[in-house]
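Here is the structure we will look at.
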Amino acid sequence: MAAGHAEARALQTALKLGVFEALASNDASADALAHALGCDTRATALLANAMVAMGLLAKSAGRFRLGEPARRYLLRSSPEYLGGMILFDEALWNVWGRLEESVRSGEPARPPDMFQGTREETFRFINAMDSLVRARGDARYLADNLDLGGVGTIMDVGGGPGTYVAAMLRRWTGMRAVICDLPATVAVARKILAEREPDVMDRIELVELDYRRDELPGPCDALFMSNIIHSEPPETNRMLMGKCFRALAASGRVIIKDHIMNADMTEPRAGAIFSLYLLLTTHGRDYSFDEVRRWLEEAGFACVRELAMKDGPFTSSLVIAEKP
């Protein structure tokens, strides 16, 4: 565990330099690979050897080629490309170096602006969220396992690139969707959806708003939020649940996907560790089911329940509640 940063940094660097793309079509010697990347031959060989040791490249007779995990997850042409998330983590490398400072002060190590500061930051963040969801299969899982029959309109609050609603709309062909997010994010989402999801784009409405300040448009039959509450402090989440209640039609339901923690806040393991990332970048943390249920019931929701996401590499759960 203590040396885990070395493998992470090596992978981030290899991806950022273009090692995997350079080997997408043909194998190459260290010298040829270094020439393609514009890097030093000796240093490139050391990095490529590390990728072999990590199972991402293979090596034979002094030539490197892609391993199957790299071809599946590290090429931009792959539908399961995880590189967006890896490059996002790479951009936060120096932020993690300030963890001690944040633990001492209780304050984030960077502005908690949801990466809206520059176009480059927004694009990298939204592509990271899209990349992770597609590689892990979250959107496919929800589209296949949520019963959205009878839902005319679903609203995705903080929907980012629209990865979830696009999958849901492909599965439920009579449904429409509204994605609500900050202006810079909506601009990125519009570009991604137009390029990759033209078949469902005409059933998606993109709305610029800040759920901290603005009311949510409605009425809608279902309201979905993925990885939203963990970025906010409890008082904001309590207010947000009230806005969700008002935006839903009678008998509508809210679906929250997030790391839903146990009462001790130690499981799932990924959620406990991810809360440190949230300490560095937001005023939020991961929350327990009891906390989420309390906010929902205070807002007027009933039948609050937690559902595990099974049969996949998932670390999140769903909390579903109904508007009477």
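Summary table
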| quantity | calculated |
| --- | --- |
| Test: P234 is more than 29 Å from S78 (Cα to Cα), surrounded by fewer than 16 Cβ atoms within 10 Å (Cβ to Cβ) and in contact with an Asp or Glu (Cβ under 8 Å, 6 or more places away or on another chain) | yes |
| The one condition in (1) loosely packed, with under 15 Cβ neighbours inside 10 Å; (2) farther than 30 Å from W93 by Cβ that I273 fails to fulfil | (2) |
| Residues of the stretch 194-236 satisfying the condition of being more than 24 Å from L248 (Cβ to Cβ) and either among the hydrophobic types (A, V, I, L, M, F, W, C) or under 20 Å from the mean Cα position of the chain (by Cα) (or both) | A194, E195, R196, E197, M201 |
| Hits in the stretch 14-50 - residues which are part of a loop (DSSP other than H, G, I, E, B) and β-branched (V, I, T) | none |
| Failed criterion for R305 (all others in (1) touching a residue at least 40 places away in the same chain (Cβ under 8 Å); (2) among the charged types (D, E, K, R); (3) more than 28 Å from L92 (Cα to Cα); (4) in a strand (DSSP E or B) hold) | (1) |
| Flag if D144 is out of contact with any strand residue (DSSP E or B) (no Cβ under 6 Å at 6 or more places or on another chain) and either over 24 Å from L240 (Cα atoms) or crowded, with 19+ Cβ neighbours inside 10 Å (or both) | yes |
| Positions within the stretch 272-282 being in contact with a helix residue (DSSP H, G or I) (Cβ under 8 Å, 6 or more places away or on another chain) and of a type outside the set (S, T, Y), in sequence order | F274, L276, L278, L279, L280 |
| Residues being surrounded by 14 or more Cβ atoms within 10 Å (Cβ to Cβ), not in a helix (DSSP H, G or I) and not charged (D, E, K, R) - total across the stretch 166-199 | 7 |
| Meets criteria (of a type in the set (D, E) and either within 28 Å of P183 (Cβ to Cβ) or in contact (Cβ under 8 Å) with a residue 40 or more places away in the chain (or both)) for E101 | no |
| Selection count where residues are hydroxyl-bearing (S, T, Y), assigned to a helix (DSSP H, G or I) and within 26 Å of T236 (Cβ to Cβ), scope the stretch 133-165 | 2 |
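Conditions (1) in contact with a helix residue (DSSP H, G or I) (Cβ under 7 Å, 6 or more places away or on another chain); (2) buried (at least 16 other Cβ atoms within 10 Å of the Cβ); (3) part of a helix (DSSP H, G or I); (4) not assigned by TED's automatic domain parsing to the domain that holds C220, marked per residue:
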residue	(1), (2), (3), (4)
H230	yes, yes, yes, no
K243	no, yes, yes, no
R293	no, yes, yes, no
E298	yes, no, yes, no
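Residues checked against (1) in contact (Cβ under 8 Å) with a residue 40 or more places away in the chain; (2) outside the structural domain of I256 (by TED's automatic domain parsing); (3) among the hydrophobic types (A, V, I, L, M, F, W, C):
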site: G150; (1), (2), (3): yes, no, no
site: L169; (1), (2), (3): no, no, yes
site: C180; (1), (2), (3): no, no, yes
site: A189; (1), (2), (3): yes, no, yes
site: M201; (1), (2), (3): no, no, yes
site: R213; (1), (2), (3): no, no, no
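This table checks each residue for (1) farther than 24 Å from V188 by Cα; (2) of a type in the set (F, W, Y); (3) surrounded by 16 or more Cβ atoms within 10 Å (Cβ to Cβ).
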{"position": "A70", "(1), (2), (3)": "yes, no, yes"}
{"position": "G83", "(1), (2), (3)": "no, no, yes"}
{"position": "F88", "(1), (2), (3)": "no, yes, yes"}
{"position": "W93", "(1), (2), (3)": "no, yes, no"}
{"position": "S102", "(1), (2), (3)": "yes, no, yes"}
{"position": "G106", "(1), (2), (3)": "yes, no, no"}
{"position": "P111", "(1), (2), (3)": "no, no, no"}
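The rows are residues; the columns are (1) in contact with a Ser or Thr (Cβ under 7 Å, 6 or more places away or on another chain); (2) closer than 28 Å to T282 by Cα.
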position: S25; (1), (2): no, no
position: A28; (1), (2): no, no
position: A50; (1), (2): no, no
position: M54; (1), (2): no, no
position: R76; (1), (2): no, no
position: P79; (1), (2): no, no
position: L82; (1), (2): yes, yes
position: N94; (1), (2): no, yes
position: P111; (1), (2): no, yes
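The values are calculated or read from the model by the stated rules, or taken from the named source; none is laboratory data. On a predicted model such as this, the values are computed, not experimentally measured, just so you know. No Cβ is skipped: glycine too gets one built from the backbone with ideal geometry, and neighbour counts run over all protein chains shown.
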